[in-house]
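Let me begin by presenting the structure, written as structure tokens, before commenting on it.
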There are 4 protein chains.
Amino acid sequence: MTKVAVIGASGRMGSTACRALDAADGLDLVARLGRGDDVGTLASAGVEVAVELTRPDVVMANLRSCIEQGVSVVTGTSGFTPERLDEVRGWLAGAPGVCVLVVPNFSVGAVLLMRFAAQAARFYESVEIVELHHPGKADAPSGTARRTAELVAAARAEAGVPAAPDATVDSLDGARGATVEGVPVHAVRLRGLVASQEVLLGSPGETLTLRHDSLDREGFMPGLLLAVRRVRETPGLTVGLEAYLDLP
Amino acid sequence: MTKVAVIGASGRMGSTACRALDAADGLDLVARLGRGDDVGTLASAGVEVAVELTRPDVVMANLRSCIEQGVSVVTGTSGFTPERLDEVRGWLAGAPGVCVLVVPNFSVGAVLLMRFAAQAARFYESVEIVELHHPGKADAPSGTARRTAELVAAARAEAGVPAAPDATVDSLDGARGATVEGVPVHAVRLRGLVASQEVLLGSPGETLTLRHDSLDREGFMPGLLLAVRRVRETPGLTVGLEAYLDLP
Amino acid sequence: MTKVAVIGASGRMGSTACRALDAADGLDLVARLGRGDDVGTLASAGVEVAVELTRPDVVMANLRSCIEQGVSVVTGTSGFTPERLDEVRGWLAGAPGVCVLVVPNFSVGAVLLMRFAAQAARFYESVEIVELHHPGKADAPSGTARRTAELVAAARAEAGVPAAPDATVDSLDGARGATVEGVPVHAVRLRGLVASQEVLLGSPGETLTLRHDSLDREGFMPGLLLAVRRVRETPGLTVGLEAYLDLP
Amino acid sequence: MTKVAVIGASGRMGSTACRALDAADGLDLVARLGRGDDVGTLASAGVEVAVELTRPDVVMANLRSCIEQGVSVVTGTSGFTPERLDEVRGWLAGAPGVCVLVVPNFSVGAVLLMRFAAQAARFYESVEIVELHHPGKADAPSGTARRTAELVAAARAEAGVPAAPDATVDSLDGARGATVEGVPVHAVRLRGLVASQEVLLGSPGETLTLRHDSLDREGFMPGLLLAVRRVRETPGLTVGLEAYLDLP
């Protein structure tokens, strides 16, 4: 049994994670830390993996403490800039064997969708992204849609695919969406939706559509459990679930 | 048998119409006019209904000639401004019994979609439109999408529905689409598509999606035949197929 | 303020209804009855409308009691056979002014979808239904899908539409779905879905797709509140929300 | 310039292929063979690759002749049983350097869809397939849907994924589709469609949908040209385009 702690256990994602960890085979949830609880005692409590689900303003302190104690970490907190990742790498340099996995998106489906979109992108003349979210979302397009567009654009650039055809000459402002590295991205905000993303690829005579729908935080639990189970396979810093999906 | 002529018979829409009229029960295609042919002889040839499928620069002369001859007309040519419609009404005032039907869209499905969207719009907090076309299209959004947005907006205004919720504060330019009378409209241009339109409506806990896909000009023929069969029921000027769909 | 009671207030649908009624303008939730509570005291408590959300084995007794007390009822309980409806009509015959509304589906979207499908059905050669639900559902296809197929079939029969074309000669058992009054119905059962229904209509060159997605019981609340607000407009028995949607 | 011949050049697929080969850089279409033309003269005409697009009753004779002449072949003709493939392997054993590529599906999108579905299948509790075709199709489900189901089933078996959950106890015959190696497959036949396939995968809280739409034979040309360009990289017999898509 792997001994696990959740830091940020009283948040919405944290409490869902606690339920999933409680129900998971082979994992023993031994500590649930909320605001004000001391992260510095995890090692002494025998914790082997900490699941860090807090906020950008506290995540770095939590990571540093875990690394110093020799506790591996899976974190889903946002806000990891290249500078922050470098800082974490620095701490890990002095802690051989400690593993940190930064997960921008725990949804296995979202990771698969990005991967498939990038693989398919060079076979099609046109690629566009439509992301659809609840109307309470602050940013448009979503971070996942931007990331998908970047991956798609990189794959097309590498394969030398020319720009997608577009004869539009008479357009209302905004009609053709935002452009992320040359890929049009459209953001729909609709009550009744949670989080969906569609990548549309087209060539003469055929189209390929890849769509991911998230219904609730339950959808993140398979990815979170996978991360907890496998984080200690790779010492040092890893970014993204993809390395652990064993895809060809 | 109703005697029918096609004006613009050698164009792409015209030649498809000729094939459909040839195959239709109860209709007798007696004249196919191309560029340079004389429209003024239709009545003497016994033509009862002319199908006018030409260009904005010649349609008005064709309509005037038909009306003067007492020949009813179905036209699918674009470019009918309110001023043009008034001019046609003026000609018809002096030609009792002559019927002119101006059809912005021969697709029965497109007409149904607009109608259903307008009927459903007041029951939902959010409405957005995504239209998807081949990349050779010059305008974005499509005329049908704009018209749909106008109908949706009018229905919501009449029912007193407040603006759709949208918490976006951080947006890439264009991400949230164009706004037509308050309704976000997104235009996708993708090789491999012909012409599609999707209206998405959402309220807490449910969404309704209405989608129309056009594959080719065949999809316009049922509406065109319906128009030819029924145009003479309504003397004067009629705009749109909807009046002949016998909807409740 | 209309005084309202919920019978079955501790069930999942009932508790959602209580929250919605508590938050609704113009409605005053004065009684929440659970198992064992006495339905016979509603009138003396001033209740004007009872929302009955229980089970087929108790609904009839509850309806009878409400009618005898002169309390109007909205019920979403299932199991109303023609015989049961006749029995309710009999009770109402002796209670002038009392109104009972039996609602097979509180989802406004589901009602709109059925209506639109029936209206569109006669314009298309082909119609099929795909319903998609969570894998815990016991019946396939869903009651809503069957009802939709029946409405579609009736509309096509009335319009004299021939059977949909189908050249299938070599088929795996079940591949072409179940047939409800001549309409193929396919039932998908998928973890991660709640309840969706898609009606596909096709003619040469075009297709029309109508889709409804239910995410949770919140989606039933607008229909339930509408029912409570308007049930007393129509004395006697009414079946279905449609009468109150003010559609043309 | 690679010298290419088309065998079956007057068929629908063959004539589309001729147009595509004529327009393609680096390929020189030097021979178009129809019924009655002599396949035995291809080598003497300098043909390096033959594109064989005929019928199951003549394809084997054509392959044998090409192999004997030392001409490599890409064939899209159907009906290759394991026995036929073995026979071709036998002929190739005596013709070192000759390459034969048997392509069950020239659509790159269909090949990608199958691959992605198989890769994703082990991450989801539920998988179902909906294929949608024009109503003139004789078999249900389609060969591509069957093959997709087999690949999905094999991937799940290898990963030890249990059977998808399904609580259906009360079902109309056919409602739950056909079962191909444990995967439910639903076949929709709808006028206005050409050929589409959708793979739906679901787990708690999320679904992934992969969809491919074919509009016309143009959609096969990128795969056909790719095959012609690369067939001579791999001496002997190869089945399927996938080997040439350079996927990871």
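The values are calculated or read from the model by the stated rules, or taken from the named source; none is laboratory data. All values derive from a computational prediction rather than experimental measurement. Quick reminder, even Gly has a Cβ in these numbers, built from the backbone with ideal geometry, and neighbours come from all protein chains shown. All accessible areas refer to the heavy atoms of the entire protein, side chains included, with ligands and DNA or RNA removed. Shrake-Rupley method; radii C 1.70, N 1.55, O 1.52, S 1.80 Å.
For A:LEU112, the requirement of being of a type in the set (A, V, I, L, M, F, W, C), at negative phi, touching a Gly at 6+ places or on another chain (Cβ under 7 Å) and in contact (Cβ under 8 Å) with a residue 60 or more places away in the chain is not met.
Count of region B:68-97 residues, restricted to those that are over 18 Å from the mean Cα position of the chain (by Cα) and either closer than 24 Å to B:PHE220 by Cβ or of a type in the set (S, T, N, Q) (or both), is 3. Taking the conditions (1) more than 30 Å from C:LEU113 (Cβ to Cβ); (2) at pLDDT 95 or above; (3) of a type in the set (S, T, N, Q); (4) surrounded by fewer than 23 Cβ atoms within 10 Å (Cβ to Cβ) in turn, B:GLN119 satisfies each one other than (1). Out of the residues in region B:19-32 meeting the condition of being touching a Ser or Thr at 6+ places or on another chain (Cβ under 9 Å) and on the phi < 0 side of the Ramachandran plot, tell me which one is most open to solvent (accessible area, probe 1.4 Å). Out of the qualifying residues, it is B:ARG32.
Total residues in region A:193-208 satisfying the condition of being within 16 Å of A:GLY136 (Cα to Cα) and open to solvent by less than 10 Å² (accessible area, probe 1.4 Å): the figure is 1.
With respect to (1) touching a Ser or Thr at 6+ places or on another chain (Cβ under 9 Å); (2) open to solvent by less than 50 Å² (accessible area, probe 1.4 Å); (3) outside any loop (DSSP other than H, G, I, E, B), the lone exception for A:THR54 is condition (3). Taken across region C:170-177, residues that are open to solvent by 10 Å² or more (accessible area, probe 1.4 Å), facing another protein chain (nearest Cβ under 7 Å), without any contact (Cβ under 8 Å) to a residue 24 or more places away in the chain and under 30 Å from B:LEU193 (Cβ atoms) do occur, with at least one present.
For region A:215-248, which positions are assigned to a loop (DSSP other than H, G, I, E, B), under 14 Å from the mean Cα position of the chain (by Cα) and within 14 Å of chain D (Cβ to nearest Cβ)? A:LEU245 - this is the single residue of region A:215-248 that is assigned to a loop (DSSP other than H, G, I, E, B), under 14 Å from the mean Cα position of the chain (by Cα) and within 14 Å of chain D (Cβ to nearest Cβ). Being open to solvent by less than 50 Å² (accessible area, probe 1.4 Å), closer than 26 Å to C:ALA155 by Cβ and at pLDDT 95 or above is a condition met by at least one residue of region C:82-94. When A:ALA167, A:ALA157 are checked against the criterion of being away from chain D (no Cβ under 14 Å), surrounded by fewer than 19 Cβ atoms within 10 Å (Cβ to Cβ), free of Cβ contacts under 8 Å to residues at least 40 places away in the same chain and not in a loop (DSSP other than H, G, I, E, B), A:ALA157 stands alone in meeting it. If only residues of region B:98-129 that are out of contact with any Asp or Glu (no Cβ under 8 Å at 6 or more places or on another chain) and part of a loop (DSSP other than H, G, I, E, B) are counted, the one that is farthest from B:ASP216 (Cα to Cα) is B:GLU125. So for region B:135-142 (the condition being among the charged types (D, E, K, R), surrounded by fewer than 22 Cβ atoms within 10 Å (Cβ to Cβ) and within 11 Å of chain A (Cβ to nearest Cβ)), does at least one residue qualify? Taking every residue of region B:135-142 in turn, at least one turns out to be among the charged types (D, E, K, R), surrounded by fewer than 22 Cβ atoms within 10 Å (Cβ to Cβ) and within 11 Å of chain A (Cβ to nearest Cβ). The conditions of being within 12 Å of chain B (Cβ to nearest Cβ) and either open to solvent by less than 20 Å² (accessible area, probe 1.4 Å) or out of contact with any Lys or Arg (no Cβ under 8 Å at 6 or more places or on another chain) (or both) are not met by C:VAL185. B:ASN105 falls short on exactly one of the conditions (1) of a type outside the set (A, V, I, L, M, F, W, C); (2) modelled with pLDDT under 95; (3) surrounded by 24 or more Cβ atoms within 10 Å (Cβ to Cβ), and that condition is (3). Restricting C:LEU193, C:LEU132 to those that are assigned to a loop (DSSP other than H, G, I, E, B) and within 14 Å of chain B (Cβ to nearest Cβ) reduces the list to C:LEU193. Please work out if C:ARG211 is of a type outside the set (Asp, Glu), touching a helix residue (DSSP H, G or I) at 6+ places or on another chain (Cβ under 9 Å) and either surrounded by fewer than 24 Cβ atoms within 10 Å (Cβ to Cβ) or part of a strand (DSSP E or B) (or both). The answer is yes for C:ARG211.
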